[in-house]
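Heads up: the structure comes next, in structure tokens.
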Amino acid sequence: MSTARRFETRRETTLAACCGVIGLAESLAALAVTSVVAALAAPNLQTQLHAWRLEAASGEVARMVRLARQQSALRRMPMRLDADPHSAPGGCLLLHTGAAGACVGCVGAATCTGEAQLIARSAPLPAGVQLQASATSLLWHPASGTVVPTGTYRLRLASSGAALSGAEVQQVVNLLGRVRSCSTDPRIRGHVAC
């Protein structure tokens, strides 16, 4: 073998090492490591997705309670917040001016009876989250700034087989119409324990 040919072979090997040319073995090794990392991360990602769904639903309920209090004071008229847990997969909240149960409908157009006027409707709750209310209808009085009766909205993660299955966030509405959050599961961050 001539000296020139040996130099060419040595140069090709050096180029492969320095310039990032990756062979089949290296590619398969990187793919195997990536697969193992993804398999380890998938259950944690599912748990986090369920926690985010519960958080989103909790935030929506708190927003509707604050809106009811604000609208009652702004319009100087009683406002009612009805829980409609049966209209959608998880339920929703309806803010209106009528009697208890005067407005219904979480999906499509909401319907109101009598003199009731729909002010706002929450988004339907995410899949796997269920709404339970200790009182299905809360009434804000503008003159006193109070709500009757006080109540608790329970948002429960009902996804079967989920790591957080049964986890719950509660939105507690006090006499002055203020809302506070608590959670029954320490893995739901941002809430004190119930």
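The values are calculated or read from the model by the stated rules, or taken from the named source; none is laboratory data. Note that this is a predicted model, so its numbers are computed, not measured. Neighbour counts run over all protein chains shown; Cβ positions are idealised from the backbone, glycine included. For the accessible areas, the whole protein counts, side chains as well, though only heavy atoms, and no ligand, DNA or RNA atoms are used. Shrake-Rupley method; radii C 1.70, N 1.55, O 1.52, S 1.80 Å.
Here Leu175 meets the list (1) assigned to a strand (DSSP E or B); (2) at pLDDT 90 or above almost entirely, failing just condition (1). Taking the conditions (1) in contact with an Asp or Glu (Cβ under 7 Å, 6 or more places away or on another chain); (2) more than 20 Å from Gly91 (Cβ to Cβ); (3) hydroxyl-bearing (Ser, Thr, Tyr) in turn, Thr184 satisfies each one other than (2).
Taking Pro43, is it at pLDDT below 95, part of a helix (DSSP H, G or I) and of a type outside the set (Phe, Trp, Tyr)?
On the way: at pLDDT below 95: yes; part of a helix (DSSP H, G or I): yes; of a type outside the set (Phe, Trp, Tyr): yes.
Yes; evaluated as a whole, the condition is true for this residue.
Are any residues in the stretch 135-164 modelled with pLDDT of 85 or more, among the hydroxyl-bearing types (Ser, Thr, Tyr) and open to solvent by less than 80 Å² (accessible area, probe 1.4 Å), and if so, which ones? Correct list: Ser137, Ser144, Thr146, Thr150, Thr152, Tyr153.
When residues of the stretch 65-75 are filtered for being under 19 Å from Val172 (Cβ atoms) and either of a type in the set (Lys, Arg) or part of a strand (DSSP E or B) (or both), how many remain? Adding up the residues that qualify gives 2. Quick one: in the stretch 105-126, of everything that is open to solvent by 70 Å² or more (accessible area, probe 1.4 Å) and in contact (Cβ under 8 Å) with a residue 12 or more places away in the chain, which residue is nearest to Ala62 (Cα to Cα)? Restricting to residues being open to solvent by 70 Å² or more (accessible area, probe 1.4 Å) and in contact (Cβ under 8 Å) with a residue 12 or more places away in the chain, the top hit is Arg121.
Scanning the stretch 49-77 for residues that are among the small types (Gly, Ala, Ser) and either surrounded by fewer than 20 Cβ atoms within 10 Å (Cβ to Cβ) or within 19 Å of Leu157 (Cα to Cα) (or both) gives Ala51, Ala56, Ala57, Ser58, Gly59, Ala62, Ala73.
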